[in-house]
Amino acid sequence: MRQDLTIGQKVVVRRAKARAMALCQLVVQSKDEELGPIVQSLNLRPATSRLNGLRSEFERIGTALSNLNINHVQYDDQEKCFAYVYPTDPTVMVLGNQYFTAERNGVDSVPGVLIHEASHWQIVRGTDDHAYGDDIYTLSSTLMRNNADTIERIAEAFDK
């Protein structure tokens, strides 16, 4: 059942949101020499146009997260997932049970989940969930490019 976040949950989300926006900024400000190898590790060509496109997408993700009102983030204790959004409504994000047990940094982290979900919003990128985790490496380059976990992995590569 969807419900408002508790005070403790809001603290976790506020910190994660701040870190997610910082990670987006790191991607935006990255040099080709830094972003290129990350993109190449995902079996994508690190062409300058692709890298610039990713920077633009991370700029939009950061802006969307900045505009997300913490009071519009909800918790659904029935959902056995990290989170979900409605792609046409960038004002709402719903967090599931797995979100609050996720790592605070690194792969599959709480900031990464926020970035993953924000990438689904049509005003940002409109990504899909073609694969999760290491299964993303089995995707074609076309699907990889439009996969929310790919976007998350790129951001989390900057979480050092």
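For this structure, a couple of remarks:
Results for (1) of a type outside the set (A, V, I, L, M, F, W, C); (2) without any contact (Cβ under 8 Å) to a residue 60 or more places away in the chain; (3) within 24 Å of Ala47 (Cα to Cα), shown as yes or no for each residue.
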{"residue": "Pro111", "(1), (2), (3)": "yes, no, no"}
{"residue": "Asp134", "(1), (2), (3)": "yes, yes, yes"}
{"residue": "Ser140", "(1), (2), (3)": "yes, yes, yes"}
{"residue": "Asn146", "(1), (2), (3)": "yes, yes, yes"}
{"residue": "Ile151", "(1), (2), (3)": "no, no, yes"}
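- Output for the stretch 5-19, where each listed residue is surrounded by 14 or more Cβ atoms within 10 Å (Cβ to Cβ) and not in a helix (DSSP H, G or I): Leu5
- Check on Asp149, acidic (Asp, Glu) and at pLDDT 95 or above: yes
- Single residue of Tyr84, Tyr137 found to be within 23 Å of Arg2 (Cβ to Cβ) and not charged (D, E, K, R): Tyr84
- Scanning the stretch 117-135 for residues that are buried (at least 23 other Cβ atoms within 10 Å of the Cβ), small (Gly, Ala, Ser) and more than 16 Å from Ala157 (Cβ to Cβ) yields a single hit, Ala118.
- For the stretch 97-114, the set of residues classified as among the hydrophobic types (A, V, I, L, M, F, W, C) and closer than 14 Å to Val73 by Cα consists of Phe100, Val110, Val113, Leu114, listed by residue number.
- Considering residues of the stretch 57-71 that are surrounded by 14 or more Cβ atoms within 10 Å (Cβ to Cβ) and small (Gly, Ala, Ser) only, the residue farthest from Val39 (Cα to Cα): Ala64
- Only one of the listed residues (Gln78, Gln74) is farther than 19 Å from Asn147 by Cα, surrounded by 13 or more Cβ atoms within 10 Å (Cβ to Cβ) and over 11 Å from the mean Cα position of the chain (by Cα). That residue is Gln74.
- Residue list for the stretch 125-160, restricted to those being touching an Asp or Glu at 6+ places or on another chain (Cβ under 8 Å) and among the aromatic types (Phe, Trp, Tyr): Tyr132
- Filtered residue count, the stretch 28-72, keeping only those that are touching an Asp or Glu at 6+ places or on another chain (Cβ under 9 Å), of a type outside the set (S, T, N, Q) and modelled with pLDDT of 95 or more: 2
- Check on Met1, touching a Gly at 6+ places or on another chain (Cβ under 7 Å), of a type in the set (A, V, I, L, M) and either over 19 Å from Leu143 (Cα atoms) or at pLDDT below 95 (or both): no
- Sole residue being more than 14 Å from the chain's Cα centre (by Cα), closer than 23 Å to Asn146 by Cβ and surrounded by 14 or more Cβ atoms within 10 Å (Cβ to Cβ), chosen from Leu114, Leu54, Leu44: Leu44
- Hey, Ala22 among the small types (Gly, Ala, Ser), within 16 Å of Asp159 (Cβ to Cβ) and assigned to a helix (DSSP H, G or I) or not: yes
The values are calculated or read from the model by the stated rules, or taken from the named source; none is laboratory data. Bear in mind that the values here come from a model prediction, so they are computed numbers and not experimental data. Cβ coordinates were reconstructed from backbone atoms using ideal geometry, including for glycine residues, and neighbour counts include every protein chain displayed.
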